[in-house]
Each structure stands twice: as structure tokens, then as C-alpha cells.
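FYI, it's all coordinate maths here, none of it is from the lab. Predicted model, so just to flag it, every value in this text is computed and none were measured. Neighbour counts are summed over all protein chains in view; Cβ atoms, including those assigned to glycine, are modelled from backbone coordinates with ideal geometry.
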Amino acid sequence: MPHAVAGPSGPSLSPARLRSHSTWIVVPTYNEAGNLPELVRRLRAGLRGEAARLLIVDDGSPDGTGLLAERLARADGDMQVLHRTSKDGIGAAYVAGFRAALAAGATRVVQMDADMSHAPEDVSRLLAAAETADLAIGSRYVAGGATPDWSLSRRLISRGGSIYARTLLGVGVRDLTGGFKCWSRRALEAVALEQVRGRGYVFQIELTYRALRAGMRVEEIPIEFRDRTRGQSKMCGAIVLEAIAAVPRLRRELTAPRLARPAADLSLASIGGDG
Ligand SMILES: Nc1nc2c(ncn2[C@@H]2O[C@H](COP(=O)(O)OP(=O)(O)OP(=O)(O)O)[C@@H](O)[C@H]2O)c(=O)[nH]1
Ligand SMILES: [Mg+2]
């Protein structure tokens, strides 16, 4: 177990608490002050007392998100903030957060956005799926998943991006660009975080692909993805272009050492939904 267990004379922790205390939830933030209090409140309500360490990774948000997170952490008791000096992309923030969680002994790590696009109430379902999978993905593109706020054109672009990446990489996972996932420690250790290069959307594709390449068992569960109602999206054309350009590179780099294994085999590693 990653956490020290006191002997008979020390303070005792119930088995449930010991087990759950190794769950970490990592949330990268940049200018999310309008969302953070609601996020923390809904996360805790959704977890219904199940312990989880909440780690906010803030890139020096000018709107004071970092300071607000510190204030919320003092009231929460199971929350901490990793401050980084400047905006360096969601991928770099996640790598820093994952490393911190692993170093602290996390046995499973949830990643999610701060803008409530990933419903905090869905975390417990994701955790349940991760009981039997190395990586559980909240998916918009399996039966029951949805993006109700999106226009037809946005749906087509996002769907097209997922199909493009899926086809090129030869994997069965439907939602490759989504960022709502629960990692087992084993899977996070298998993806070689020090080698990850993606910064924007491509980070999500890259990590899931790395997990599949490493033979991890991946499961998708349906989620409804809602648009943010507060704060600004950091999404931009450059991030989309980075993802489009990076997929062939990922395929080249990550399949090269294992030519003996055809890419089509990868789909067998993914289960769940209709993927
Ligand atoms: N620390 C850090 N967090 C970031 C950075 N860029 C985005 N984020 C956070 O990553 C999460 C997702 O960013 P969003 O701007 O919502 O982007 P998105 O969800 O991909 O795009 P939308 O669908 O338009 O909302 C949010 O919690 C952001 O605050 C960054 O450079 N550093
Ligand atoms: Mg968002």
C-alpha cells in the first residue's frame, strides 16, 4: 500500500478509507475561478464521502484561480494545489499532476476538466469502471454518450477528428480526444510520461494510444459532455492543427519498435460500448 498504515497502537483507518485514499483527481486550470467552487462542491457531493485527493494544477492563472484553489484547499482538507509559473498547455499540466500523484502513492488517478463539461457526478461511475479496466474513458461516442449542446457542424468536426485518429492509429476506442479518464497506477506507469510530447488535444490521443500500445485494458463508458457556461475555452485552431499533424507521428513513433505486432491487434485491447 502506498500510504503508511499505523500499527495496532497507532491511529486506525477503516479498510474502505485506506483503499480509497489512494484515489487522486487531477484537474488542470487556467482562468477557472468562476468554475472552481462549484467543481469542488459537486465533486465532493458526487463522491458521497468516498475519499479522493483533489489536485489542482494551475498555470499561474491571471484571474486568481491558484489563490482561490489554495483557499478552497484549506477548507476541504483533502485537496492541494500545484502551482506552475506560466501557461504551458494542458498536456504539460497533466504530466506534472500525474507525476505528483504517482510520487505520492496514488493507485488510481482521475483526470477531468474544470469547466463542468465532465460532470463531477460521473466520477464515481468512472471509478467503478476502473475497477475492471486499466484505463476507463468517459466517452461521448459510445451508445448512451452525447454532446447535447453542440451544433451539427461541431459534432461533425469532433466526430471526424475521432474517426481520423482511430482509423490512422488502428484502434477501437471511440473517443480518443476526450479528457475524462481514470487511470490505474499500472497504466500511468506504462505510458512513459517522460516521453509524452503532446500539449493540446493530442495529449489525450497520445496517452490513450500509449496505454493501448502497452497492452492496457481500456474501457469506454458513456458520458454526456456539456459546454462550459462560465469562463473561456482555451481551444484554438493551433491545438486542432497540432492534433491533426501529430497523429501520423504518433503512429510512426509508437508502432516502429513493435513491427511484429500489427496495428489492427490494438482494437482487441479495447472493450466496452460498440467500440
Ligand atoms: N494548467 C493548465 N490548464 C489548462 C491549460 N489549457 C487548458 N487548461 C485547462 O484544461 C481544461 C480544458 O480546457 P478548455 O478550455 O475547457 O478546453 P476544452 O475543454 O478542450 O475546450 P472547450 O470544449 O472549448 O471547453 C480546463 O480545466 C482548462 O482550465 C493550460 O495551459 N494549463
Ligand atoms: Mg472545456
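Given N residues in region 15-271, what is Rg(Cα) / (2.2 N^0.38 Å)?
Details: Rg = 17.3 Å, N = 257, 2.2 N^0.38 = 18.1 Å.
Rounded to two decimals, the normalised Rg is 0.95.
With θ set to phi - 60°, apply the Karplus curve 6.51 cos²θ - 1.76 cosθ + 1.60 along region 33-45 and write out the HN-Hα couplings as whole Hz, x wherever there is a Gly or Pro.
Per-residue couplings from phi come out as 4, x, 9, 4, x, 5, 4, 5, 4, 5, 4, 5, 5 Hz.
When you count, for each residue, the other Cβ atoms within 10 Å and take the mean per peptide, how do 241-249, 47-55 rank with the highest first? Let's see the in-between values first.
Details: 241-249: 16.2, 47-55: 17.8.
Peptide ranking by packing, descending: 47-55, 241-249.
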